[in-house]
Amino acid sequence: MSRRTGLIAALDTTDPAQARRWADAAGAHCGMIKLGLEFFLANGADGVRALGGRPVFLDLKLHDIPNTVAGAVRAILPLAPRLLTLHAAGGAAMVAAARQAAEAAGAARPKLLAV
């Protein structure tokens with residue numbers, strides 16, 4: 001079966017071995033994997049990298065003062081996520097700071113989703 005670029009597989013686990021198995025199983029069917037806050041806090045950037053360079057949606061719902069969220073976005077950029085969530089309750093200034101920080105990645109910048 002061909003890869004479906006529009007499908008995203010949610011890997012809702014903190015166990016990196018389980019996430020890898022699910023990512024491998026879904027790989028031929030999905031164009032991206034979603035990793036949430038629990039996985040990221042349990043495994044960090046190394047956990048994301050261990051999934052083999054697949055396109056990643058980081059569902060972290062970043063929410064803090066604008067400067068801190070901008071710093072978090074800059075810290076995440078080396079992981080090259082395709083999508084990254086922000087908590088919309090952080091307000092327009094926070095979202096704008098995150099957008100400006102993401103633009104540092106140029107064409108490889110993640111799409112920011114306010115939830």
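The values are calculated or read from the model by the stated rules, or taken from the named source; none is laboratory data. This is a predicted model, so every value here is computed, not measured. Methodologically, a virtual Cβ is constructed for each residue, glycine included, from the backbone with ideal geometry; neighbour enumeration extends over all protein chains shown. Surface areas here come from the heavy atoms of the whole protein model, side chains and all, with no ligands, DNA or RNA. Shrake-Rupley method; radii C 1.70, N 1.55, O 1.52, S 1.80 Å.
Structure above, values below:
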| read-out | value |
| --- | --- |
| In segment 86-115, residue least open to solvent (accessible area, probe 1.4 Å) [restricted to those that are outside any helix (DSSP H, G or I) and among the aliphatic types (A, V, I, L, M)] | L86 |
| Of all residues making up segment 54-72, the number that are assigned to a loop (DSSP other than H, G, I, E, B) and more than 25 Å from C30 (Cα to Cα) | 3 |
| Whichever residue in segment 1-16 is assigned to a loop (DSSP other than H, G, I, E, B) and open to solvent by less than 50 Å² (accessible area, probe 1.4 Å) and, among such residues, is farthest from L79 (Cα to Cα) | T13 |
| Tally of residues being open to solvent by 60 Å² or more (accessible area, probe 1.4 Å) and among the aromatic types (F, W, Y) across segment 30-44 | 0 |
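Every residue, every condition in (1) assigned to a helix (DSSP H, G or I); (2) under 17 Å from L112 (Cβ atoms); (3) open to solvent by less than 30 Å² (accessible area, probe 1.4 Å), yes or no:
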| position | (1), (2), (3) |
| --- | --- |
| Q18 | yes, no, no |
| A23 | yes, no, yes |
| A28 | no, no, no |
| G52 | no, no, no |
| P78 | yes, yes, no |
